[in-house]
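The values are calculated or read from the model by the stated rules, or taken from the named source; none is laboratory data. Owing to the predicted nature of the structure, the values given are computational and were not obtained by experimental measurement. When we count neighbours, we look across all protein chains shown, and the Cβ atoms used for this are built from the backbone with ideal geometry, even at glycine.
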Amino acid sequence: MLDAIGVQAIEDLFRQLPPEVRFHGALNLPAGKSEYEIVDYFRARGAEGANGYASFLGAGVYNHYRPVLVDTVVSRGEFLTSYTPYQAEISQGILTSIFEFQTMVCQLTGMDAANASMYDGSTATPEAAMMAARITGRDRVLVARSVHPEYREVLRTYTQHQGIPVEEFAYDPGSGRIDADDLQRRLDDNTAAVIVQSPNFFGIVENIREAAAIAHKKGALLVDVFTEAVALGLIEPPSDADIVAGELQSFAISPSYGGPFAGVIATKQTYIRQMPGRLVGQTKDAQGNRAFCLTLATREQHIRREKATSNICTNQALIALMATVFMAVYGKEGLRELAVQNLSKARYLANRLPLRFRAPFFNEFVVSANGRSPEEINATLLGRKIIGGLPLGRYYPELDGCMLLCCTEMSKREHMDAVADAFGADSSK
Amino acid sequence: MIRKVRTHINQNEPLLFERSSPGKKGYQLPELDVPAVDPVDALGPENTRDEIPGFPEVSEVDVIRHFTRLSTWNYAIDLGLYPLGSCTMKYNPRINEVVARIEGLAWAHPYQPEALSQGAMEIIAALEAALAEITGMHAVTLQPAAGAHGELTGILLTRALLASRGNPRKKILVPDSAHGTNPATATMAGYSVENIKSNDRGMIDVESLRRAVNEDVAALMVTNPNTVGVFEEEITRIAAILHEKGALVYMDGANMNALVGVARPGDFGVDVMHLNLHKTFSTPHGGGGPGSGAVAVTRELEPFLPAPRLKRAGGSWTWNYDLPQTIGRVRAYYGNFGVLVRALAYIMAHGAEGLRKATLDAVLNANYIRKLIEPYYQIAYDAPSMHECVFSDDRQAARGVRTGDIAKRLIDYGFHPYTVSFPLIVRGALMIEPTETEGKQELDLFCDALISIAREVEENPEIVLKAPHSTRTSRVDEVTAARKPIVRWKPESEAAQAPAEAITPATERAGP
């Protein structure tokens with residue numbers, strides 16, 4: 001090959017790099033390792049984790065069973081090692097699966113169009129806010145304090161230099177739902193979007209219809225965020241929202257210390273051209289057969305550059321495929337049954353604990369530690385190889401002394417009993 | 001002349017919704033060990049849906065056949081050369097998939113106690129350190145989820161540093177050869193964009209740059225090697241021009257596969273850069289993602305990195321949220337951790353010498369392709385190529401054939417096309433990046449295919465213009481897709497679909 005190129009050594013191909021630019025040393029990294037040593041290293045790191053612990057953590061990342069078919073499908077090299085389907089003729093596999101993904105997200109959310117994925121729910125949220133600002137020509141955003149605290153932090157980081165002021169509105173301290181009066185007070189004629197989450201960070205199911213009516217009265221759009229996609233199998237779809245921004249981690253995506261996950265944005269037909277991210281559309285090939293391709297690319301950065309709807313390019317396609325396979329495996333009945341199991345387990349544990357809020361919840365709920373600290377209760381549970389709930393004081397000073405617990409279909413009765421016992425040790429329940 | 005492919009059996013496959021029939025199931029759930037709750041009682045009728053209209057109902061076998069058949073309609077690195085320029089489509093070692101699925105890592109919850117997360121935190125710390133060494137930079141954040149996300153992080157960091165000096169400034173300079181993400185990012189960070197012209201060697205025109213740099217300029221976003229596959233030879237002068245006026249140099253590290261072990265951005269004046277772990281460090285592209293857009297910075301920029309940061313305290317790792325100057329979070333939790341595991345495994349497998357050798361091979365392969373096809377296609381610039389080579393379709397356009405047509409014809413020869421019509425500064429660009437993955441055999445097949453297509457353009461342009469001929473799906477009408485967008489399946493549209501029997505069998509189509 002060197003002869004064909006006409007050089008003596010590969011090094012000659014780097015002659016154009018000025019000497020002061022070249023790195024002359026050797027990188028200070030260990031020598032290459034064998035497969036066995038690498039597996040050994042990562043197994044050892046894994047063993048430093050929570051193997052064998054039961055967990056009641058949720059807060060945006062959920063322990064749901066992953067059907068075996070999911071990894072079977074995504075491990076196929078044809079999916080795993082392909083890239084963005086720019087060449088439709090040899091990418092119909094991934095394009096078709098994305099079209100199915102978009103369709104199922106629409107069926108779950110009651111929207112008309114869903115994109116091919118965003119990085120995660122936390123980044124889909126600011127993208128939805130920016131989208132609302134483009135649609136309405138307004139710039140102010142109101143976000144409920146019951147939206148995931150880290151999502152709100154990302155919202156601030158994204159919007160702070162785009163002239164989109166973000167203001168928070170309260171939740172009702174009794175019900176745990178949004179405080180509709182506070183929202184109404186803060187809404188003005190320059191509000192582009194009202195952002196709520198359902199089920200919210202406390203697990204409580206919001207009344208999306210009512211929130212949308214309040215927002216629409218002032219000409220603002222309603223953005224509904226979700227972090228627990230399994231709830232969509234059972235709760236009323238947020239059809240009254242204008243934009244839905246969510247996280248599909250619950251659909252067979254392992255917690256993986258926080259990522260990779262799959263976010264998504266879905267919306268009404270009218271707003272489709274303001275949506276960020278890739279979209280797959282149906283069309284025909286030269287012989288008239290149904291075919292799919294990437295479409296409406298004039299929204300995107302590679303065409304529109306500084307005027308694009310977003311800078312997003314690489315998304316979470318393979319993770320979205322996990323969610324697609326999950327939705328196919330569970331299907332219409334399965335997703336509902338799965339949701340009912342989650343609801344039933346959560347009720348079983350919640351019924352034995354002092355609930356902080358009274359509105360209906362899905363599979364997460366806030367409990368007060370009854371005079372003890374959540375950390376104390378968690379320490380007791382850790383001794384029994386159980387990871388308890390998330391202490392909320394750090395995120396909500398007014399909820400200091402409370403924790404957020406989550407039950408899924410993977411929560412076993414014996415562990416739930418142990419959690420109840422840990423609370424009960426000093427409490428009246 | 002076509003030595004890599006022949007038409008083969010491709011199974012037809014309807015959509016999941018069309019396969020669906022009421023009552024079919026592909027799942028099993030354990031029996032409930034607690035009393036079942038009636039959802040309407042628990043949530044209220046107004047909060048409970050009756051069903052999910054249109055949602056699929058299929059069996060387990062249906063699911064596996066459906067997705068397996070779909071997979072056979074996809075090209076992939078596992079099937080051969082995937083020379084998408086700027087995308088670095090290299091082999092994805094399977095060991096990385098195995099280690100990312102180890103239970104204690106794959107099932108780690110981001111909020112589990114730090115005492116039970118030391119392994120995951122150690123992996124993050126080890127990767128941060130390795131990437132700092134590779135780039136010659138001071139500190140690394142792994143929070144951004146992809147390259148464009150890293151760009152946004154990097155430009156927000158730039159803004160924060162400049163603001164701390166009293167003036168965040170107004171403009172970002174972007175060469176006309178840049179990826180579209182660069183200008184889109186600058187806008188999202190609240191900056192206006194000014195384009196800088198390239199010179200006749202495909203590099204930044206230093207004099208134009210000098211004229212453009214003033215106290216309004218926050219940074220230059222430079223890709224190096226740039227998108228024509230050429231190393232910016234004046235990079236140290238360019239950096240000095242920016243620094244003299246108090247502006248920063250942002251490097252888009254999309255093309256870092258040309259530099260690992262050979263040159264370090266930290267040594268040539270870069271202040272902040274991102275790496276695409278899914279490119280340079282081989283984590284699978286997965287049909288469009290996930291990626292990871294690690295950002296590396298100088299000491300000056302470190303205080304502004306996204307929160308939280310890893311900190312060593314009392315012999316163990318902890319997450320430090322007490323960062324008064326941070327730009328804030330760019331993502332929930334700590335980044336695409338599963339991708340980070342894979343990237344670290346890749347770095348461990350290669351070691352310092354293996355990483356450097358990969359760079360050498362990537363550059364060798366690109367130069368080999370360039371040499372073999374240069375007699376048939378117009379090279380965009382004379383300047384030496386690094387890891388990719390960019391041609392123009394000038395000669396073929398004279399016969400009415402454009403880069404997009406050549407790309408489609410390449411499919412008939414069994415290859416994924418190169419990147420088409422990018423960078424924008426090259427008329428009808430063919431942007432070819434083979435990566436170090438390929439051996440001489442596959443490269444020769446690829447060059448033979450391109451040479452053969454060049455001859456076809458002369459002798460029988462029609463065959464190129466109507467390509468592909470050998471694929472299950474012939475040329476796709478993208479114009480109609482955009483004009484009348486159908487972005488979800490609906491039962492009503494069923495009637496409008498051609499029935500499966502009407503689909504033309506592959507054997508009846510014109511072969512190449």
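With the requirement that a residue be at the interface with another protein chain (Cβ under 7 Å from one of its Cβ atoms), under 19 Å from B:Thr283 (Cβ atoms) and surrounded by fewer than 21 Cβ atoms within 10 Å (Cβ to Cβ), what does the stretch B:98-121 give you?
Matches in the stretch B:98-121: B:Val98, B:Ala106.
So which residues in the stretch A:259-293 are surrounded by fewer than 23 Cβ atoms within 10 Å (Cβ to Cβ), at the interface with chain B (Cβ under 8 Å from one of its Cβ atoms) and either closer than 18 Å to B:Thr181 by Cα or among the aliphatic types (A, V, I, L, M) (or both), if there are any at all?
A:Ile272, A:Ala286
Pick from A:Ala212, A:Ala245, A:Ala252, A:Ala231: which is in contact with a Leu (Cβ under 8 Å, 6 or more places away or on another chain) and either assigned by TED's automatic domain parsing to the domain that holds A:Ala170 or surrounded by fewer than 23 Cβ atoms within 10 Å (Cβ to Cβ) (or both)?
Working: A:Ala245 fails: in contact with a Leu (Cβ under 8 Å, 6 or more places away or on another chain); A:Ala252 fails: in contact with a Leu (Cβ under 8 Å, 6 or more places away or on another chain); A:Ala231 fails: in contact with a Leu (Cβ under 8 Å, 6 or more places away or on another chain).
Within the list A:Ala212, A:Ala245, A:Ala252, A:Ala231, the selection yields A:Ala212.
Among the residues of the stretch B:33-62, write down those that are facing chain A (nearest Cβ under 7 Å) and of a type in the set (A, V, I, L, M).
The answer is B:Val34, B:Ala36, B:Val37, B:Ala42, B:Leu43, B:Ile52, B:Val58.
Taking B:Ala125, is it under 25 Å from the mean Cα position of the chain (by Cα), under 30 Å from B:Ala313 (Cβ atoms) and of a type in the set (A, V, I, L, M)? Write out each step before concluding.
Values: under 25 Å from the mean Cα position of the chain (by Cα): yes; under 30 Å from B:Ala313 (Cβ atoms): yes; of a type in the set (A, V, I, L, M): yes.
Here the answer is yes, as B:Ala125 does meet what is asked.
If you check B:Glu215, B:Glu244, which single one turns out to be over 19 Å from the mean Cα position of the chain (by Cα), surrounded by fewer than 24 Cβ atoms within 10 Å (Cβ to Cβ), more than 22 Å from B:Pro303 (Cβ to Cβ) and free of Cβ contacts under 8 Å to residues at least 40 places away in the same chain?
Working: B:Glu215 fails: free of Cβ contacts under 8 Å to residues at least 40 places away in the same chain.
Every option except B:Glu244 fails the conditions.
Return yes or no: is B:Thr88 assigned by TED's automatic domain parsing to the domain that holds B:Pro225, hydroxyl-bearing (Ser, Thr, Tyr) and buried (at least 22 other Cβ atoms within 10 Å of the Cβ)?
Working: assigned by TED's automatic domain parsing to the domain that holds B:Pro225: no; hydroxyl-bearing (Ser, Thr, Tyr): yes; buried (at least 22 other Cβ atoms within 10 Å of the Cβ): yes.
Spelling it out, it is not the case that B:Thr88 is assigned by TED's automatic domain parsing to the domain that holds B:Pro225, hydroxyl-bearing (Ser, Thr, Tyr) and buried (at least 22 other Cβ atoms within 10 Å of the Cβ).
Among what's in the stretch B:79-96 and is closer than 25 Å to A:Glu37 by Cβ and at the interface with chain A (Cβ under 7 Å from one of its Cβ atoms), pick the residue that is farthest from the chain's Cα centre (by Cα). Don't jump to the end; show me each part of the working.
Quick first cut of the stretch B:79-96, residues closer than 25 Å to A:Glu37 by Cβ only: B:90-96.
Subsequent filtering for residues that are at the interface with chain A (Cβ under 7 Å from one of its Cβ atoms) retains B:92, B:95.
Values: B:Asn92: 14, B:Ile95: 21 Å.
Taking the candidates together, the pick is B:Ile95.
Can you name the condition, by its number, that B:Thr223 falls short on among (1) in contact with a strand residue (DSSP E or B) (Cβ under 6 Å, 6 or more places away or on another chain); (2) polar (S, T, N, Q); (3) over 24 Å from B:Leu162 (Cβ atoms)?
Only one criterion is unmet by B:Thr223, namely (3).
Quick test of your reading of the structure: B:Asn10 fulfils all but one of (1) over 27 Å from A:Leu343 (Cα atoms); (2) out of contact with any Ser or Thr (no Cβ under 8 Å at 6 or more places or on another chain); (3) not basic (Lys, Arg). Name the failing condition by number.
The number of the failed condition is (2).
With the requirement that a residue be in a loop (DSSP other than H, G, I, E, B) and either surrounded by fewer than 21 Cβ atoms within 10 Å (Cβ to Cβ) or within 13 Å of chain B (Cβ to nearest Cβ) (or both), what does the stretch A:137-167 give you?
Taking the stretch A:137-167 and keeping what is in a loop (DSSP other than H, G, I, E, B), we get A:137-139, A:145-148, A:160-165.
Matches in the stretch A:137-167: A:Gly137, A:Arg138, A:Asp139, A:Arg145, A:Val147, A:His148, A:Gln160, A:His161, A:Gln162, A:Gly163, A:Ile164, A:Pro165.
Determine which single condition B:Asn336 fails, assuming it passes every other condition in (1) under 25 Å from B:Asp252 (Cα atoms); (2) without any contact (Cβ under 8 Å) to a residue 24 or more places away in the chain.
Going through the list (1) under 25 Å from B:Asp252 (Cα atoms); (2) without any contact (Cβ under 8 Å) to a residue 24 or more places away in the chain, B:Asn336 breaks only (2).
Just give me the residues in the stretch B:189-218 being under 19 Å from B:Leu152 (Cβ atoms), within 14 Å of chain A (Cβ to nearest Cβ) and not in a loop (DSSP other than H, G, I, E, B), in sequence order.
B:Ser192, B:Val193, B:Glu194, B:Ala218
Filter the stretch A:27-47 for residues that are under 30 Å from the mean Cα position of the chain (by Cα) and crowded, with 21+ Cβ neighbours inside 10 Å and give the result. Let's see the steps before the verdict.
Let us first name the residues in the stretch A:27-47 that are under 30 Å from the mean Cα position of the chain (by Cα), namely A:39, A:41-47.
A:Phe42, A:Arg45, A:Gly46, listed by residue number.
Looking at the stretch B:391-405, is at least one residue under 20 Å from B:Lys279 (Cβ atoms) and more than 10 Å from every other protein chain (Cβ to nearest Cβ)?
Filtering the stretch B:391-405 down to residues under 20 Å from B:Lys279 (Cβ atoms) leaves none.
So far as the stretch B:391-405 goes, no, none of its residues is under 20 Å from B:Lys279 (Cβ atoms) and more than 10 Å from every other protein chain (Cβ to nearest Cβ).
Assess whether A:Gly277 counts as being touching a strand residue (DSSP E or B) at 6+ places or on another chain (Cβ under 6 Å), part of a loop (DSSP other than H, G, I, E, B) and either over 16 Å from A:Thr136 (Cα atoms) or among the basic types (Lys, Arg) (or both).
For A:Gly277, the condition - touching a strand residue (DSSP E or B) at 6+ places or on another chain (Cβ under 6 Å), part of a loop (DSSP other than H, G, I, E, B) and either over 16 Å from A:Thr136 (Cα atoms) or among the basic types (Lys, Arg) (or both) - is met.
Among the helices (runs of 4 or more DSSP H) confined wholly to the stretch B:438-496, which include 2 or more residues that are farther than 25 Å from A:Arg278 by Cα and more than 13 Å from chain A (Cβ to nearest Cβ)? Steps first, please.
Working: elements: B:440-459, B:461-465, B:478-483.
Ranges flagged: B:440-459, B:461-465.
Pairs only if they're at least six apart or on different chains, beta carbon under 7 angstrom, first in the stretch B:5-18 and over 29 Å from B:Leu445 (Cβ atoms), second among the acidic types (Asp, Glu) and surrounded by 15 or more Cβ atoms within 10 Å (Cβ to Cβ); list them, first residue then second.
Close Cβ pairs satisfying both conditions: B:Leu15/A:Glu100; B:Leu16/A:Glu100.
Please identify the pairs in which a residue from the stretch B:260-279 that is at positive phi has its Cβ atom under 9 Å from the Cβ atom of a residue that is of a type in the set (Phe, Trp, Tyr) and assigned to a loop (DSSP other than H, G, I, E, B), counting only partners at least 6 apart or on another chain.
Listed pairs, sorted by first residue: B:Gly261/A:Phe23.
Looking at (1) part of a helix (DSSP H, G or I); (2) over 30 Å from A:Leu382 (Cα atoms), find the lone condition where B:Val98 falls short.
Going through the list (1) part of a helix (DSSP H, G or I); (2) over 30 Å from A:Leu382 (Cα atoms), B:Val98 breaks only (2).
Can you say whether B:Ala294 is more than 10 Å from chain A (Cβ to nearest Cβ), within 30 Å of A:Asp71 (Cα to Cα) and in contact with a strand residue (DSSP E or B) (Cβ under 7 Å, 6 or more places away or on another chain), as far as the supplied structure shows?
Numbers: more than 10 Å from chain A (Cβ to nearest Cβ): yes; within 30 Å of A:Asp71 (Cα to Cα): yes; in contact with a strand residue (DSSP E or B) (Cβ under 7 Å, 6 or more places away or on another chain): yes.
Yes; evaluated as a whole, the condition is true for this residue.
Residue check: is B:Arg427 in contact with a Cys (Cβ under 6 Å, 6 or more places away or on another chain), outside any helix (DSSP H, G or I), at pLDDT 95 or above and of a type in the set (Lys, Arg)?
Working: in contact with a Cys (Cβ under 6 Å, 6 or more places away or on another chain): no; outside any helix (DSSP H, G or I): yes; at pLDDT 95 or above: yes; of a type in the set (Lys, Arg): yes.
So B:Arg427 fails the test.
So which of B:Ala186, B:Ala126 is buried (at least 22 other Cβ atoms within 10 Å of the Cβ), within 10 Å of chain A (Cβ to nearest Cβ) and part of a helix (DSSP H, G or I)?
Details: B:Ala126 fails: buried (at least 22 other Cβ atoms within 10 Å of the Cβ).
So the residue among B:Ala186, B:Ala126 that is buried (at least 22 other Cβ atoms within 10 Å of the Cβ), within 10 Å of chain A (Cβ to nearest Cβ) and part of a helix (DSSP H, G or I) is B:Ala186.
Are there any pairs, at least 6 apart or on different chains, whose C-beta atoms fall under 9 Å, with the first in the stretch A:369-381 and closer than 17 Å to A:Leu355 by Cα and the second at pLDDT below 95 and among the basic types (Lys, Arg), and if so, which?
Correct list of pairs: A:Asn370/A:Lys429.
Only one of these conditions is not met by A:Thr408: (1) in contact (Cβ under 8 Å) with a residue 24 or more places away in the chain; (2) more than 27 Å from A:Val230 (Cα to Cα); (3) not aromatic (Phe, Trp, Tyr). Which number is it?
(2)
Given the criteria within 23 Å of B:Ala76 (Cα to Cα), at pLDDT 95 or above and of a type in the set (A, V, I, L, M), does B:Ile369 qualify? Write out each step before concluding.
Numbers: within 23 Å of B:Ala76 (Cα to Cα): yes; at pLDDT 95 or above: yes; of a type in the set (A, V, I, L, M): yes.
Taking the combined requirement at face value, the residue satisfies it.
Which residues, taken from the stretch B:394-406, are within 27 Å of B:Pro183 (Cβ to Cβ) and crowded, with 24+ Cβ neighbours inside 10 Å?
Listed by number, the list holds a single entry, B:Thr403.
Return the residues of the stretch B:462-474 that are charged (D, E, K, R) and modelled with pLDDT under 95; say none if nothing qualifies.
Start the filter on the stretch B:462-474 by keeping residues that are charged (D, E, K, R), which leaves B:462, B:466, B:472.
Listed by number, the list holds a single entry, B:Arg472.
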